[in-house]
Amino acid sequence: MEILSFSGPLALGMERMMPGQGKRVGQTEGPFVLNFKRSEHLGKPLKTYMQIDGEYFQVIAPKCVRITHARDIPGGKVKVLVKQDH
């Protein structure tokens, strides 16, 4: 599993035309945990752009992202992102 981060939506969009726009955060079988320190920038929620195994994601105001490899898919369904209130 490979995880890339991008500086913004433009870099994320340009990745298909000009590969190399993202920074590799990690490459592992998982689980992989990303903890974020701040949740606002200039009074707006922080947006994080990432690519996980070729799939693009935008995460708004993240605190923590946990990425695991699903070997067996229960009921044939995959939960991609789960918001947990703590």
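The values are calculated or read from the model by the stated rules, or taken from the named source; none is laboratory data. All values reported here derive from a predicted model rather than from experimental measurement.
Okay, residues lined up against (1) under 15 Å from the mean Cα position of the chain (by Cα); (2) modelled with pLDDT of 80 or more:
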site	(1), (2)
Arg24	yes, yes
Phe32	yes, yes
Thr48	yes, yes
Phe57	yes, yes
Pro62	yes, yes
Thr68	yes, no
Ile73	no, no
Lys77	no, no
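Could you list, in sequence order, the residues of the stretch 2-14 that are outside any loop (DSSP other than H, G, I, E, B) and within 24 Å of Thr28 (Cα to Cα)?
Within the stretch 2-14, Glu2, Ile3, Leu4, Ser5, Phe6, Ala11, Leu12 qualify.
Take Ala11 and tell me if it is on the phi > 0 side of the Ramachandran plot and at pLDDT 80 or above.
no
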